[in-house]
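Just so it is clear, none of the values below were taken in a lab; they were calculated from the coordinates. Since the structure is predicted, the reported quantities are computational estimates derived from the model, not experimental observations. As a convention, Cβ positions derive from the backbone with ideal geometry for all residues, glycine included, and neighbour counts pool all protein chains shown.
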Amino acid sequence: MKTAATRHRPLGCILALFVGHFGCASAPKPLPACDRTEMVELRLAPMPQLNPDREGYARSVVARIYVLESPDALAHVGFEDLWAQQAGAPAPALAAVVGPDELTLIPGRTETKVFKRPPKATHIAVVAKFREHHPDSGWRALAQLPTPRDPCQDPAGPRLTVELLNYSLRLR
């Protein structure tokens, strides 16, 4: 013989599911605030013929990335002076907002760096420590960043590519 409690148990379960699923009416949770810091993507593409040794075998190369407030100082800094600076140390002589960020590039292996654009950043510079270099050999490159955009309206930030071939690099 079923009691009243046993007879109404399925109805109670359905009611509990209904209330649990829809809950009490409440205001929706606000969306998190948008981070208005623009992201910059830098693709580093070392070619298979990178930094060849005397026998012609490709070798890795150390590169440094600087985010600059002004491009002027880079033209006046020599190769030896730039590489004498400790990796990770601030570079006030270059008006560097960020950097240097140092990494080793392997021939044929593309890497991508994504970083937040500092408000004062106007340019990106990349320098490479090739086995052989000459003052005008292309061991450094500079690119102007486009005018900052609102990442909340347009999330795709600037995308730049560094191509490294033999003993030179090109930033575009």
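If packing is taken as the average count of other Cβ atoms within 10 Å, what order do 66-75, 151-160 fall into, highest mean first? Don't skip to the end; give the middle numbers.
On the way: 66-75: 17.6, 151-160: 13.4.
Output ranking for 66-75, 151-160: 66-75, 151-160.
So if each residue of separation counts as 0.36 nm, and I subtract the Cα-Cα distance between residue 156 and residue 84, what length gain in nm does that give? Write down the numbers at each step before the final one.
Values: separation 72, 0.36 × 72 = 25.92 nm, distance 3.57 nm.
Difference between extended and current length: 22.4 nm.
What is the gain in length, in nm to one decimal, between residue 170 and residue 137 on full extension, counting 0.36 nm per residue of separation less the C-alpha to C-alpha distance?
Full-extension gain reported as 10.8 nm.
Using only alpha carbon pairs under 8 Å that are at least six residues apart, calculate the relative contact order of region 65-172 and give it in whole percent.
Values: 153 pairs, mean separation 28.0, N = 108.
Relative CO of region 65-172 lands at 26 percent.
Give, in nm to one decimal, the length gained when the segment between residue 60 and residue 47 is fully stretched (0.36 nm per residue of separation minus the Cα-Cα distance).
Details: separation 13, 0.36 × 13 = 4.68 nm, distance 1.04 nm.
Result for the pair: 3.6 nm of gain on full extension.
With the calculation restricted to Cα positions, what are the radius of gyration and Dmax of region 47-172 in angstrom?
Rg, Dmax (Cα atoms, Å): 15.0, 52.
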